[in-house]
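Taking it in order: structure first as C-alpha cells, then the write-up.
Here, each number is a calculation from the coordinates, and none is a lab measurement. Quantities reported herein were computed from a predicted structural model and do not represent experimental measurements. Don't worry about glycine lacking a Cβ; one is built from the backbone with ideal geometry, like all the others, and counts go over all protein chains shown.
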Amino acid sequence: MSYLNLENLSKSFKDDKVILNLNAKIDKGEFFVVFGPSGSGKTVLLRLLSGIMLLDNGEIEMDSQVINEFQPEERDISMAFQNFALYPHMKAYDNIASPLRADNKNIPDDEIDQKVKEVASLLKIEHVLNQFPKELSNGQKQRTSLARSLISKPSVVLLDDPLRNVDAKIRFEMRLELPRVLKEFNTTVIYVTQDFREAMALGDRIAVLYDGKFNDINSPKNIYQNPSSLTTAKLFGDPTINNFDANIKKQNDFVHVDVKGEQFKLKRKTDIQDGDCIIGIRPEDIILSNEPSENSIEVEFRTKTPLNLRIVFLVRLNNGLEFLCSTTEEESQLIDENKKMYISFLDEKSHFFDKETKRNLE
C-alpha cells in the first residue's frame, strides 16, 4: 500500500486550469521529485497538499485517511519555502524551534533545546543559531528553513525548490547532504524543482508535471532513457534531444530512415509500424568521426562549443538538417573539423514519437 495517494486532483483559477486530474501513489519514506517547467503548477500542488489552498476536486489520502478537510496544522505535513520565509525578528534558534512552540504541546524547554541542536547539527548550522536571518548567508537561511520544517519530524516534508536561491557550491553540497539528512528522519519527501539535473540526482522517482498532470512517473534512469513523449524528452538533457520528421521502414535489425531525401540506417529493433514519425536522438548517442563507416553519413561542420566538461559539435546534412553531437574533450581532440566529417548512431538509442500527439510510439 502506498502512503500518500493523490487521486484526480484539480485546481483552477478562473479559466486557468493549473492542476487537472493529477494522480500519483507515493510510498512511505520515498524521495519523490516533482519536476516541470516554470508555471507548470508545482508550487500550487504543494500548497494543495499542505492545506494552504483547497482543492476544486479530487482526494488526498494519507496513511489510508482522506485529509482534504484537515487544516494545515492537522495534516502532519511540513513545508520549506523557496524564499526561506524565516521570521526576521527571530534568531535562527527560535525560527527552528517555532513549530514546537506553536503546537501548544507544552514541550519542556530542555527538550526543545535538544531537538533544535540535534537538527542543527545534522544540517551543520550549530554556529549560526544565535544569529538573525539578515546575518545569514543564503545557504545558511536555506538550512535554517529546512531545519524548521524537519524539527517536529513530520510524516511528509514538502520542499519547494529549496536550492534555487543558493549558489552553485551550496547547491552541489546540499544535493549530497539532503538524502542523508532526510533518511535520519524517515520522512516522505516531495521535492519540487525545475532543474532536471537536480531531479535526477535526488529522486527515487521523478514525476514530470506539465499540462496540469503527471505525464511520467518513473526512476530517473527510465525517465531519461524511455520518455513517454517528445515533450518529456526535451525537458531532460543539455543540449536537448535532436528531433526531426522522417519516414521509416523496418528491415531485419535496421530501421531505414528517409529525411527529405537524405537516407540512412539505424540499428534498432522495434515493433512500430512503417510510416511517418518524429525521430529523437540524444547528442551523446551520436558518434562523430573523420572516418566513414558502414552506416555513417557525411556531414558539414558548422561550429563547436564547450559545455559541462563535454564538447558540443553542430553539424549539417546535405539537405540542411542539423544535429548536435556531444563528445568528451578527449574524443573531440581526435576530430579535425577541416577534414570530411561523418556521423553514425549508437545501436538501440533512438526514439520514435507520433507526429500529432508527440507520444512515444513504443
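Summary of computed values
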read-out: Mean separation of Cα contacts under 8 Å, 6 or more apart, over the residue count of the chain: relative contact order %; value: 15 percent
read-out: Nearest-ten-degree value, helix 92-102 long axis tilted from longest Cα axis of the chain; value: 70 degrees
read-out: Stokes-Einstein D for the chain, Kirkwood Rh over Cα pairs, 20 °C, 1.002 mPa s (µm²/s); value: 92 µm²/s
read-out: Residues whose placed amide H lies under 5 Å from that of residue 17, excluding near-sequence neighbours; value: none
read-out: Counted charge near residue 198, where neighbours are those whose Cβ lies closer than 11 Å (Asp, Glu -1; Lys, Arg +1); value: +2
read-out: Degrees separating the helix 168-185 axis from the principal Cα axis of the chain, which is the longest one; value: 60 degrees
read-out: Dmax and Rg, reported as Rg then Dmax, of segment 153-203 (C-alpha, Å); value: 10.8, 30
read-out: In degrees, nearest ten, helix 138-150 long axis to first principal axis of the chain (Cα); value: 60 degrees
read-out: Dipole axis of segment 4-229 (+1 Lys, Arg; -1 Asp, Glu on Cβ), positive-most option in 130, 120, 176; value: 176
read-out: Convex hull per residue volume in Å³, alpha carbons only, for segment 127-211; value: 116 Å³
read-out: Viscosity 1.306 mPa s, 10 °C: Kirkwood-radius Stokes-Einstein D of segment 242-353 over Cα pairs, µm²/s; value: 110 µm²/s
read-out: Farthest toward positive dipole pole in segment 242-353 [+1 Lys/Arg, -1 Asp/Glu at C-beta], among 320, 275, 301; value: 275
read-out: When each of 234/304; 183/349; 42/153 is checked by Cα-Cα distance, pairs over 26 Å; value: 183/349
read-out: Amide proton proximity set for residue 352, modelled H, under 5 Å, gap of 5+; value: 280, 361, 362
read-out: Among beta bridges that DSSP assigns inside segment 4-229, antiparallel share in %, nearest 5; value: 50 percent
read-out: Total charge dipole magnitude, the chain, about the Cα centre, Cβ charges on Lys, Arg, Asp, Glu only, Debye to nearest 20; value: 460 debye
read-out: Formal net charge of residues neighbouring residue 131 (Cβ-Cβ distance under 14 Å; K, R +1; D, E -1); value: +1
read-out: Chymotrypsin sites (Phe, Trp or Tyr not before Pro) restricted to DSSP loop in segment 32-140 with at most 15 other C-beta within 10 Å; value: 70
read-out: Magnitude of the charge dipole, segment 242-353, Cβ model with Lys/Arg +1 and Asp/Glu -1, debye to 20; value: 140 debye
read-out: Gap separating the Cα centres of segment 1-52 and segment 261-300, nearest whole Å; value: 38 Å
read-out: Summed residue charge, Cβ within 11 Å of residue 340's Cβ, Lys/Arg positive, Asp/Glu negative; value: -4
read-out: Residues residue 169 and residue 52, FRET efficiency given R0 of 41 Å [Cβ-Cβ distance, rounded to 0.05]; value: 0.80
